[in-house]
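> One structure follows; several queries about it will come next.
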Amino acid sequence: MIRLLDPLLIVALALNFVALGGSRIRGVIKAVALQGALLGIVPLFVHSSIGVRGLILVAVTVGLKGFVIPAFLVHAMREANIQHEIKPVINFISSLLLGAIGTGLAMVFASTLPLAAEHTQFLLVPASLATVWTGFLMLMTRRKAIMQVLGYLLLENGVFLFSLLLLEAMPFLVEAGVLLDLFTCVFVMGIIIHHISREFSSISTEHLTELKE
C-alpha cells in the first residue's frame, strides 16, 4: 500500500490547483472535500499498524472533512445565495502561478529538512507544505467569506498531513482536539457568513470596512 502514497499525494496537490483556479464556489467546496477525504486515509498508507486509535482518527477525519463540513458549507452558500467568486484580490491566473511557485519551493525546502530516512523518499512533507501555502493564498486573495473558510480548511489539511509524521507519538485526545477546533471554527465562520449576508446582502468581506462605531 505504501506504493500508492505518492500517487495519492499528487492527486491532493492537483486539488490545490483546482481550488486556486476555481471561481465556482460549489466546485471549490467539492475539491476541498475530496482532498480532505483523501488525506484522511493517508495514515493507512504511512503507518502499517496504526491500531484502533488510528482507525478512529481516519474515520472521523474522512467523515468531517469529506462530508459533514462540505455539507455545512454548501448549506451556507445556499443561504447566502452566492455561487461565484467574481473579483478576487489576485486574479485566478496569478493565484495559480503563485501556487505553482510555492509548490516548487516546498519541494526544495523539504529536501533540506532533517527528516527520518523513511519520510524523505515520499512527497508527504512537500505536499503538506504546499497545501499550507495554498491555504494561505486562499485566505489572503479571496474576498468571499466562504472562500476564506475553504482556504482555512486547505491550510488545516496541510497541517494535518505534516502531523502524520508524529501520529504514533500524538495522544488521541490531541488528535480529537484538532478536529474539534476545526469543526468549531467552521461553525463559527458559518454564523459570520450568515450575519454578513443578512446585513449586506452579500458575503464579500469588503463590506466589513463599512462598519462604523
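Every number in this text was worked out from the coordinates using simple rules, so none of it is lab data. All figures in this text were calculated on a predicted structure; none of them were measured in a lab. All Cβ positions, glycine included, derive from the backbone under ideal geometry; neighbour counts span all protein chains shown.
> When you count, for each residue, the other Cβ atoms within 10 Å and take the mean per peptide, how do 103-116, 122-135, 5-18 rank with the highest first?
122-135, 5-18, 103-116
> Suppose a student asked you for the relative contact order of region 5-88, using Cα pairs under 8 Å spaced at least 6 residues apart; what percent would you report?
This gives 36 percent for region 5-88.
> Near the amide H of LYS144, under 5 Å away, which other amide H atoms are found, from residues 5 or more places off or on another chain, if H is placed in the peptide plane?
For LYS144, the qualifying residues are THR205.
> Something else: VAL58 to HIS84: FRET efficiency via 1/(1 + (r/R0)^6), r the Cβ-Cβ distance, R0 35 Å, to the nearest 0.05?
Step by step, r from the Cβ atoms, then E = 0.55.
> While we're looking at this one, here's another question. Can you quote the Å³ per residue value for the convex hull of the Cα atoms in region 119-161, rounded to an integer? Show your work: numbers first, answer last.
Values: hull volume 1.7 nm³, N = 43.
In region 119-161, the Cα convex hull volume per residue is 41 Å³.
> A further question follows. Once the Cβ-Cβ distance between ILE101 and VAL159 is put in as r, and R0 is 30 Å, what FRET efficiency do you end up with, to the nearest 0.05?
0.90
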